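Below you'll find the structure, written out as structure tokens, and then a few comments.
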Amino acid sequence: MAKCKTNCVEKPLSKVFGKFGRIIGKYPWVFFIFPLVTSAGLGAGFYFLEDRESNSIEEQFTPKNGPAKMERKFVKEHFPQGEEFSSLRLYTDGTSASFIAVSSTNILTQDAFQEVVNLDSKVKQLQTDGDNLTFFDLCAKKKNGECVSNPILEIINSSIHNGKPISYPFHNINLLSREFIGTAIGGVSQYPNNSIETAHAIRLFYYLEDDRRNETDPWLKKFISTFPEHTNTEMISVWYFTSISREEEFDTNSKSVIPLFSATYFLAITMSIVSCLRLDCVRNKVWVATFGVLSAGLAVLSSFGLVLLCGMPFVMTVATAPFLILGVGVDDMFIMISCWQKTKVYDKVEDRMEDTYKEAAVSITITTLTDVLAFYIGLMTPFGSVQSFCMYTGTALLFCYIYNITFFGAFLALNGQREGSNRHWFTGQRVEQADDVRKGNACSVGGAYDPVTGAEEEMPINNFFKKYYGPLLTNCWTKVFVTLLYLGYLAGSTYGCFQMQEGIDLKNLAPDDSYVASYYDNEDRYFSEYGPFVMLVIKNEGFQYWEKNACESLTTCLKEFESSDMVAKNMTVSWLEAYEIFGAISGLNLTNEKVFMESLPQFLTRSGFYQDVNISDGKILASRLFIPTVNISTATDEKEMLNFFRNTALTCGKKLDLLVYHPAFIYFDQYAVIVSNTIQNIVVATAVMLVISLLLIPNPLCSLWVTFAIASVIVGVAGFMALWDVNLDSISMINLVICIGFSVDFSAHISYAFVSSEKRTANEKAIDAIYNLGYPIIQGAVSTIAGVVVLSAAKSYIFRTFFKIMFLVISLGAVHGLVFIPVFLTFFGCCSDSCNTVDDKEQHSHAQDTGTVVQLSETGVATNMHTYPNGNQGHTN
């Protein structure tokens, strides 16, 4: 039976690259200098780095077309900020500073409270540098022109000096007004009559005018720089925060990673040199390894410079990309060196480069293509941080590939000329060549060249996989153990998937030791009982507020909202309810449209609700109420609250046209799209990976195992990342897309090595595949993990998340390639005979006269098959 052809794409590509390699071998200096000049030119794009840096958390970590942004637009148009500032009615986070003062006993004592008052006074006296502007110059103001204050101070002061009890969460100021203090005082214990017995924390806010950012930002920075002096006193501990703190601290994350990148570069150079070190003073590859790492560095310089020139925002998540590029670049370097070492030592450099490119360039091309497409598919996501990362990293991988086959290839040819003239690797002096060196008897790390075959001597680790590990893995009892181990792995992964939390906690965008994280922790500890007041907007212009049926529909809807455990009962802030009470006291018949509309403006002005009703030409265009929430402290609570409010508004929308909104919904919107977008990206990327794999190795059995392995690795990564305290958010979404490209490398080629093996039994096929692929898989996994391992020491959730998921991707992919897939393939090994058999004569000839060489993929796994005569095999170093 004729052997099925599987090289319809590989063979033409191999010929083209072979010719290209010959050209580089002839003119190495051209291909060496041109990338250097290109990098210098494109590197000029870093001039725009500061202009392109985007530390806006809303732009980068929330969906670009999220529903909350459309809701905010409607609120902004129909309820513009009035003359009197109201934090309840803000449609953005506002411009403010805040601090939380905590007492371990009771902050309502006179001594502890006095320290809070003193601190409040110091805050109001802060002056900006240069303009000497104080809080009173910049504060948000009431209608009478006074600064918006913290009424909790007056309430507590009156309680301490006059013995007046403080009601919680609403404190009655007088018969007609009351103040909500649930977000201003925390850690409360109450008497049976709802008055406060003790409290542990007070939170004060200092709101500034929103439209004076050029003046308010310097004051907020002064607040941040001054406050650490007052964080601890005898009676209280203090934590502080401002509206610019998240962005400020988020921006410092990228700067903190620079020393880690230096350590990674040093580690990559060291590992590469050690891997390529030879005791042969002529064939030592120290400089080759060094320039291989330099090639990856040039790729980062060129690609980032180009994308910056094109105007793409530079987000902090992009700072993780160079670690990945370095790991990939080192892998490609190993492939090129490995293929070079399989060529004839005494052939011309052009011939050796042609043979090298025939083998290596195809492997690098296909695996680079899969990874680049995986990243560019990530551009479909609505998160700006993911789009930026995918654009920068995908482009960097392309440049890494281009520079590997040009710049690094050119240096490999120049190094080949030095080797051909038998010059010392360090001094450049000509070295006497003894007969024992030519015969392969000289001491050489990795084995000397055999002058008969041109291949290197077999490495000990290959014998380990062939004689010990392979037979052990194919043992019957080992297969039973591996099957049980996989079932345990699958069970643990599935359990982890159900434990997964969605969304990014905003405090994780700041460094671990940031004051922002401490503020959020204390906010959760003392002020999580009462959540945001959610705005309920009645949008329809024709709603008849004075009619009994209309009011009953609205009342029924409010009861649906209050039926949830997440909504505080009888605390809704409603202008309509207050108007009905006003009408009853004033003797007005508010069921009459004319009376209702004529009396409404006067009531709104006197009561302070004038910002909650949009009246034009005697018609109510829109109005709003405020529904208080409770016990919203975790990401799950936030997701459930968002879904409940929107679903309830939609249900009530059959009778009313409603909209729910709060500025926090801008960030909560990620919960609505993160799962669907992650699944979409994974499905599309997996489909693309399968198409590319089929073009490379169009074997149905391989395709099935590729699909199985991708699914298995993704489930494992998703499950174990949840157990490793990593949420499903825009950051982990990036890494899940990455894992598809890498899992393809591990799975596709181990399957292909199995079905392409000419051994007779399934066990022998598995041993043969492991023999050829064991060391390349380990080498690729170690080199990639080494590129990101220093991120484990980062003081940032973003960088640690990148390390955790990359570690899971590579380690689980390697375990699948070395343990699970070889065993499972032995259960179905005979299925591959139809695409694997040759006629008896040809098979007998191949069994005696040829050996198989498996090329590394981008992460160190096999791609291409190469034969040498007389059964001699070439092996990677």
Taking region 265-294 and keeping only residues that are more than 34 Å from the chain's Cα centre (by Cα) and at pLDDT below 80, one is left with Leu277, Arg278, Leu279, Asp280, Cys281, Val282, Arg283, Asn284
Which of the residues that make up region 59-72 are assigned to a helix (DSSP H, G or I), crowded, with 17+ Cβ neighbours inside 10 Å and of a type outside the set (Phe, Trp, Tyr)? Gln60, Pro67, Ala68, Glu71, Arg72
If we scan region 66-84, do we find a residue that is closer than 26 Å to Leu306 by Cα and out of contact with any Leu (no Cβ under 9 Å at 6 or more places or on another chain)? no
Being under 34 Å from the mean Cα position of the chain (by Cα) and either closer than 19 Å to Thr105 by Cα or among the polar types (S, T, N, Q) (or both): is that true of Ser189 here? no
Kindly indicate whether Gly163 is in contact (Cβ under 8 Å) with a residue 12 or more places away in the chain and farther than 26 Å from Lys76 by Cα. no
Residue in region 751-771 that is assigned by TED's automatic domain parsing to the domain that holds Leu472, assigned to a helix (DSSP H, G or I), crowded, with 24+ Cβ neighbours inside 10 Å and under 26 Å from the mean Cα position of the chain (by Cα) present: no
Residue among Asn404, Asn415 that alone is in the same structural domain as Val691 (by TED's automatic domain parsing), surrounded by 24 or more Cβ atoms within 10 Å (Cβ to Cβ) and not hydrophobic (A, V, I, L, M, F, W, C): Asn404
Filtered residues of region 92-129 (kept if over 40 Å from the mean Cα position of the chain (by Cα) and of a type in the set (S, T, N, Q)): Thr105, Asn106, Thr109, Gln110, Gln114, Asn118, Ser121, Gln125
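Here's the yes/no breakdown for (1) in a helix (DSSP H, G or I); (2) polar (S, T, N, Q); (3) modelled with pLDDT under 80:
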{"residue": "Phe742", "(1), (2), (3)": "yes, no, yes"}
{"residue": "Ser783", "(1), (2), (3)": "yes, yes, yes"}
{"residue": "Phe802", "(1), (2), (3)": "yes, no, no"}
{"residue": "Met806", "(1), (2), (3)": "yes, no, no"}
{"residue": "Leu812", "(1), (2), (3)": "yes, no, no"}
{"residue": "Gly817", "(1), (2), (3)": "yes, no, no"}
{"residue": "Phe824", "(1), (2), (3)": "yes, no, no"}
{"residue": "Cys831", "(1), (2), (3)": "yes, no, yes"}
When residues of region 34-57 are limited to those that are modelled with pLDDT under 85 and in a helix (DSSP H, G or I), the one nearest to Leu536 (Cα to Cα): Ile57
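Here is a yes/no grid of residues against (1) closer than 26 Å to Met641 by Cβ; (2) assigned to a helix (DSSP H, G or I); (3) assigned by TED's automatic domain parsing to the domain that holds Glu529:
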| site | (1), (2), (3) |
| --- | --- |
| Leu576 | yes, yes, yes |
| Ile585 | no, yes, yes |
| Asn589 | no, no, yes |
| Glu598 | no, yes, yes |
| Gln602 | no, yes, yes |
| Thr605 | no, yes, yes |
| Gln611 | yes, yes, yes |
| Ile615 | no, no, yes |
| Ile620 | no, no, yes |
Could you grab me the full set of residues in region 181-220 that are free of Cβ contacts under 8 Å to residues at least 24 places away in the same chain and under 21 Å from Gly94 (Cβ atoms)? Asp211, Asn214
Looking only at residues that are of a type in the set (S, T, N, Q) and at pLDDT 80 or above in region 757-779, which one is farthest from Phe465 (Cα to Cα)? Thr761
In region 504-533, which residue that is among the hydrophobic types (A, V, I, L, M, F, W, C) and closer than 26 Å to Val567 by Cβ is surrounded by the fewest Cβ atoms within 10 Å (Cβ to Cβ)? Leu506
Pairs only if they're at least six apart or on different chains, beta carbon under 7 angstrom, first in region 299-313 and within 10 Å of Met391 (Cβ to Cβ), second assigned to a loop (DSSP other than H, G, I, E, B); list them, first residue then second. Pro313/Ser54
For residues in region 782-820 being over 27 Å from Asp768 (Cα atoms) and β-branched (Val, Ile, Thr), which is surrounded by the fewest Cβ atoms within 10 Å (Cβ to Cβ)? Val789
Do the conditions hold for Val482, that is, is it in contact (Cβ under 8 Å) with a residue 40 or more places away in the chain, among the β-branched types (Val, Ile, Thr) and either under 30 Å from Glu249 (Cβ atoms) or in contact with a Pro (Cβ under 8 Å, 6 or more places away or on another chain) (or both)? no
Take the residues of region 654-695 that are in a helix (DSSP H, G or I) and free of Cβ contacts under 8 Å to residues at least 12 places away in the same chain: which is nearest to Phe626 (Cα to Cα)? Ser676
Just a yes or no: is a residue in region 77-85 farther than 30 Å from Glu502 by Cβ, part of a helix (DSSP H, G or I) and not assigned by TED's automatic domain parsing to the domain that holds Thr343? yes
Using beta carbons and a limit of 8 Å, which pairs, at least six apart or on different chains, have the first residue in region 339-350 and acidic (Asp, Glu) and assigned to a helix (DSSP H, G or I) and the second one at pLDDT 80 or above and surrounded by fewer than 23 Cβ atoms within 10 Å (Cβ to Cβ)? Glu350/Arg22; Glu350/Lys26
Please determine, by comparing only the residues of region 590-618 that are of a type in the set (A, V, I, L, M, F, W, C) and under 46 Å from the mean Cα position of the chain (by Cα), which one is nearest to Phe74 (Cα to Cα). Val613
Show me the helices (runs of 4 or more DSSP H) found entirely inside region 367-450 where at least 3 residues are over 21 Å from Cys310 (Cβ atoms) and at pLDDT below 90. 409-420, 435-438
For region 95-197, give me every one of the strands (runs of 3 or more DSSP E) that falls completely inside it and has 3 or more residues that are of a type in the set (A, V, I, L, M, F, W, C) and out of contact with any Gly (no Cβ under 8 Å at 6 or more places or on another chain). 95-102
I'd like the residue in region 620-662 that is at pLDDT below 90 and among the basic types (Lys, Arg) and, out of all such residues, is surrounded by the fewest Cβ atoms within 10 Å (Cβ to Cβ). Lys654
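Is there a residue being within 21 Å of Ala568 (Cβ to Cβ) and of a type in the set (D, E, K, R) anywhere in region 181-199?
Yes.
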Among residues of region 498-513 being of a type outside the set (Phe, Trp, Tyr) and not in a loop (DSSP other than H, G, I, E, B), the residue farthest from Ala794 (Cα to Cα) is Glu502
Residues within region 548-561 that are modelled with pLDDT of 90 or more and either closer than 18 Å to Leu642 by Cβ or acidic (Asp, Glu) (or both), tallied: 3
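The values are calculated or read from the model by the stated rules, or taken from the named source; none is laboratory data. As the structure is a computational prediction, the values presented were derived from the model and not from experiment. A quick note on method: Cβ atoms are made from the backbone with ideal geometry, for glycine too, and the neighbour counts reach across all protein chains shown.
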